[in-house]
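Peer 1: Could you have a look at this structure, given as structure tokens, before my questions?
None of the figures in this text is laboratory data; all of them are computed from the coordinates on show. Keep in mind that what you see is a predicted model, and the values were worked out from it rather than measured. Glycine also receives a Cβ, built like all others from the backbone with ideal geometry; neighbour counts cover every protein chain displayed.
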Protein chains: 2
Amino acid sequence: MSGSVSRPRAAVVVTGSELLTGAISDRNGPWVAQHLGELGFEVSHVLVVGDRPADLADALQFVRGAALVVTSGGLGPTADDLTAEVVAGFAGVPLELDEPMRAHIADILAAWARRTGFDGPALEEANRKQAMVPRGATALAPVGTAPGLVVTVPDGPVVVVLPGPPRELQGMWPAALAAEPVRALLESVPPARSRSLRYFGLPESEIAATLRDIEAGGLDLSGIEVTTCLRRSELEVDVRPGPGASADALADALIAAHERHLVSADGTSTDELVATGLLDKGWTVATGESCTGGMLASRLIDRAGSSAYVAGGVVAYSNAAKTALLGVPAEMIAEHGAVSPEVARALADGARERLGADVGIGITGVAGPGGGTEAKPVGYVCFCVTTADGLVIARDPRLPGGRSDVRERSTDAAMHLLLRAVRG
Amino acid sequence: MSGSVSRPRAAVVVTGSELLTGAISDRNGPWVAQHLGELGFEVSHVLVVGDRPADLADALQFVRGAALVVTSGGLGPTADDLTAEVVAGFAGVPLELDEPMRAHIADILAAWARRTGFDGPALEEANRKQAMVPRGATALAPVGTAPGLVVTVPDGPVVVVLPGPPRELQGMWPAALAAEPVRALLESVPPARSRSLRYFGLPESEIAATLRDIEAGGLDLSGIEVTTCLRRSELEVDVRPGPGASADALADALIAAHERHLVSADGTSTDELVATGLLDKGWTVATGESCTGGMLASRLIDRAGSSAYVAGGVVAYSNAAKTALLGVPAEMIAEHGAVSPEVARALADGARERLGADVGIGITGVAGPGGGTEAKPVGYVCFCVTTADGLVIARDPRLPGGRSDVRERSTDAAMHLLLRAVRG
């Protein structure tokens with residue numbers, strides 16, 4: 001490929017005043033950005049704006065230079081849902097009632113009204129409002145009740161307008177990509193062959209130093225974008241080549257430099273590696289959790305098909321539960337404390353035996369904010385993995401942060417111990 | 001208060017190319033936005049930009065009209081961490097080495113190097129880079145290793161520059177608010193007395209219709225901003241008055257109109273209501289989870305002090321686990337199926353009895369993507385709450401969405417059943 005072609009830029013504009021009050025986090029921006037990146041776009045911005053029309057209009061102007069703009073939200077039935085109107089204004093065309101779309105939405109709403117008992121003028125109004133389409137736009141069939149839109153702005157970007165609920169947005173995505181203006185744009189996008197490396201327990205500054213070493217060693221890094229992202233205890237390093245460049249030599253050098261800390265060299269997640277590892281061994285896993293309180297079990301069960309390798313788990317939050325459900329001896333708790341390497345091992349063994357699993361993992365720790373002592377401060381967490389054939393892996397680190405940090409980091413650490421067990 | 005004062009606007013600029021690849025979700029934007037809103041600012045935008053300096057500079061220009069801009073990220077040791085430099089450029093001042101800050105960071109790094117064994121020139125470089133401060137700015141002491149900044153831009157906003165790791169950002173927030181330029185700005189901000197209502201099982205279109213009715217009934221809604229946010233099965237309605245207006249009359253009318261669906265009238269979360277309700281009754285709760293796989297237990301334990309009302313739980317994912325750990329009769333599973341109201345009740349009773357709790361909750365359902373039948377399709381979930389004194393509340397809805405939707409909605413529904421039990 002020629003070095004003169006640069007990747008077309010794309011931007012995401014997420015609407016919703018509720019996203020600016022902090023009540024909820026935006027899930028659409030990251031999802032759309034990821035998918036645009038995989039299609040080969042360079043995502044320049046994700047903007048979250050309120051439901052004020054002027055702010056949305058300003059945001060569209062700000063990203064006017066992008067080839068593709070994807071918006072989410074503001075297609076609902078209430079008066080603050082104004083995206084279709086603002087995008088029509090941005091494109092300089094009027095809104096028109098799309099009669100087939102109105103009839104289509106009416107059918108959906110009628111079925112819903114029968115099921116829920118809500119009916120009447122509120123629905124009628126919602127129906128008409130949601131069927132208003134900018135002239136010349138492609139309307140995308142609703143996944144919920146709101147249709148999506150693809151609008152080509154003269155001398156501007158192609159704007160894809162999607163609904164706010166993540167399930168509806170994701171369900172409509174294939175139809176959006178298939179719409180003619182988007183399809184035509186996609187044909188002009190060169191694929192980006194980026195590499196993604198994942199490390200555990202490696203500080204960011206080491207990657208910075210390694211990059212300087214690699215460059216000093218003579219490798220040309222111009223035209224390659226490296227981003228590092230520290231996510232609790234995992235460091236993800238993305239190596240993205242510009243047009244005409246390759247990420248491979250640099251990625252291989254980074255892999256060789258920190259092999260001991262490498263989790264995966266192809267971006268595969270720890271969760272996926274654990275699942276594959278358990279399946280390959282034909283193992284089932286059982287959890288005995290105290291401070292993480294079900295987070296580890298929930299994470300293991302997150303993946304479809306997890307019943308093949310997850311037996312189950314016990315959330316043994318109280319001492320009585322540890323003893324009654326997992327057979328942790330009350331004397332052991334009295335002697336060593338509920339947070340101790342001994343109890344972590346007993347939780348692992350108990351979960352494995354009571355649930356008839358091949359591998360057990362026990363976690364007990366001081367999540368805080370209370371309960372810490374000098375010897376066992378907040379953040380002190382004991383882990384143990386045991387298998388039926390005698391493997392024992394134990395750790396008792398002190399993890400930083402507040403209650404939710406400690407619980408999340410504990411769940412991460414537990415996944416990495418499981419990964420060691422299935423790889424060992 | 002006079003009607004002519006409008007709330008000052010604030011914007012949040014989050015940097016990090018990793019946030020544009022969709023690898024992780026931004027947690028800082030919502031957090032900062034919420035806190036700015038509570039301080040009385042109108043948050044106009046949350047922008048996420050990559051680590052490219054030109055994009056960050058453009059973003060700062062875009063929000064130049066705000067009174068306050070908070071940035072997060074880009075203060076780390078690597079070459080793509082350029083926020084301090086770009087903000088200095090935005091303010092038109094050079095970067096200078098802050099020697100006391102350099103020494104302070106050196107101490108932090110030295111302690112860290114001793115603990116981890118990482119040391120040497122990479123750390124030296126990181127130290128120097130992180131101590132570069134725009135001339136005239138206030139430097140905020142690091143919570144991790146990166147200092148924050150407060151920069152007053154001539155004829156522009158006050159810019160607060162905070163680190164990207166949420167723990168560090170949140171830890172530095174009080175110091176940022178106490179810095180002189182921010183403190184002076186805060187004195188000019190009128191407090192916003194907004195009201196927040198939370199409903200369960202109420203569609204958005206009903207709120208739209210109710211608002212029209214209320215306005216037709218003669219209540220003046222001008223100067224009041226109403227935002228609705230549907231979050232799975234909960235609808236949050238925020239009523240925000242502009243300067244001189246009051247949210248109370250409208251909020252009271254909305255409460256009266258949909259009392260049956262009201263969860264809370266003061267924004268209190270369902271989780272908080274459940275916790276308070278359990279504490280008030282002096283009850284402990286035990287969970288017997290199948291498809292949610294620990295999500296409910298983990299959510300109950302999320303709150304500090306939860307050991308006072310959470311006994312624990314069992315993740316009985318396999319049929320064998322249901323029988324071995326919670327005493328669900330194997331014949332019951334054979335006759336009615338693992339996903340059945342009968343088994344949900346047996347899970348609730350089993351969890352309650354085995355864990356010695358006052359209230360038990362059982363959840364079993366078809367989370368998908370596989371495993372659905374015509375009679376019990378994906379999304380069919382059975383819930384049961386039982387108490388020692390004979391209360392039984394059961395539900396078996398069909399929930400929409402994919403695997404994670406079904407699991408999350410199931411956890412929501414379970415929390416609402418628990419709320420009914422503690423309120424009943």
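Peer 1: Principal axis extents for the stretch B:92-218, Cα atoms only, whole Å, descending order, please.
Peer 2: 71, 39, 21
Peer 1: Could you give P(r) for the stretch A:195-264, binned at 5 Å from zero, as whole percent values over all Cα-Cα pairs?
Peer 2: Pairs per bin, as whole percents: 3, 18, 31, 27, 15, 6, 1.
Peer 1: What's the magnitude of the charge dipole for the stretch B:195-264 around its Cα centre, counting Lys and Arg as +1 and Asp and Glu as -1 at the beta-carbon? Answer in Debye, nearest 20.
Peer 2: About 220 debye.
Peer 1: Quick check on chain B: helices-only [θ] at 222 nm, where DSSP H runs of length 4 and up contribute -39,500 (n - 2.57) each and the sum goes over total residues. Nearest 500, please.
Peer 2: It lands at -12500 deg cm²/dmol.
Peer 1: So, one more: In nm to one decimal, list the spacings between the B:Ala103 label point and its equivalents in the other copies, with label points set 7 Å along Cα to Cβ, shortest first.
Peer 2: 8.1
Peer 1: I need B:Asp248, A:Asp81 ordered by Cβ neighbour count within 10 Å, fewest first.
Peer 2: If I rank by nearby Cβ atoms, fewest first, I get B:Asp248, A:Asp81.
Peer 1: Here is a follow-up. So how far, in whole Å, is the C-alpha centre of the stretch B:32-74 from the one of the stretch A:181-250?
Peer 2: Between the Cα centres of the stretch B:32-74 and the stretch A:181-250 lies a distance of 26 Å.
Peer 1: Between the label point of B:Lys281 and that of the same position in each other copy, find the distances and list them shortest first in nm, with every label point placed 7 Å from Cα along the Cα-to-C-beta direction.
Peer 2: 4.1
Peer 1: Counting C-alpha atoms alone, how compact is the stretch B:9-186: give Rg to one decimal and Dmax as a whole number, in angstrom.
Peer 2: Radius of gyration, then largest Cα-Cα span, for the stretch B:9-186: 15.5, 47 Å.
Peer 1: A:Ser404 versus A:Ala141, label points 7 Å from Cα toward the beta carbon: distance in nm?
Peer 2: 3.9 nm
Peer 1: In addition: Looking at chain A, I'd like the Rg to Rh ratio, where Rg is from alpha-carbon atoms and Rh is Kirkwood's inverse mean 1/r.
Peer 2: Over the Cα atoms of chain A, Rg/Rh equals 1.06.
Peer 1: So for the protein assembly as shown, what percent of the C-alpha to C-alpha distances run longer than 45 Å?
Peer 2: When every Cα pair of the protein assembly as shown is considered, 28 percent fall beyond 45 Å.
Peer 1: Let me ask something additional. Inter-copy label distances at A:Gln34, 7 Å along the Cα→beta-carbon direction, one decimal in nm, shortest first?
Peer 2: So the distances to the same position in the other copies read 2.2 nm.
Peer 1: Taking chain A as the reference, fit the longest principal axis to its C-alpha atoms, fit the long axis of helix A:28-38 to the helix C-alpha atoms, and give the angle between the two in degrees, 0 to 90, nearest 10.
Peer 2: 90 degrees
Peer 1: Which lysines, if any, have their Cα less than 22 Å from the Cα of B:Lys281, not counting same-chain residues under 8 positions apart?
Peer 2: B:Lys281 reaches no qualifying lysines.
Peer 1: Can you give the FRET efficiency for A:Asp252 and A:Arg420, using 1/(1 + (r/R0)^6), R0 = 22 Å, r = Cβ-Cβ distance, to the nearest 0.05?
Peer 2: Approximately 0.35, to the nearest 0.05.
Peer 1: Give me A:Glu206, B:Glu335 sorted ascending by neighbouring Cβ count inside 10 Å, so fewest comes first.
Peer 2: Placing the least packed residue first, the sequence is B:Glu335, A:Glu206.
Peer 1: Taking 7 Å along the Cα-to-C-beta vector as the label spot, tell me the A:Ile393-B:Ala265 distance in nanometres, rounded to one decimal.
Peer 2: 5.5 nm
Peer 1: Quick one: in chain B, whose Cβ comes closest to the B/A rotation axis, and how close in angstrom?
Peer 2: Closest Cβ on chain B to the axis mapping it onto A, in Å: B:Gly294, 1.
Peer 1: What order do you get for B:Glu331, B:Glu236, B:Glu374, A:Glu342 when you list them from fewest to most C-beta neighbours inside 10 Å?
Peer 2: With the fewest neighbours first, B:Glu331, B:Glu236, B:Glu374, A:Glu342 line up as B:Glu374, B:Glu331, A:Glu342, B:Glu236.
Peer 1: Counting each pair of different Cα atoms once, what's the Kirkwood radius of the stretch A:316-360 in Å, rounded to one decimal?
Peer 2: 10.2 Å
Peer 1: Right, something else. With a ≥ b ≥ c taken as the square roots of the eigenvalues of the C-alpha gyration tensor of the stretch B:159-238, please select rounded if a/c is under 1.5 and otherwise prolate if a/b is larger than b/c or oblate if it is not?
Peer 2: oblate
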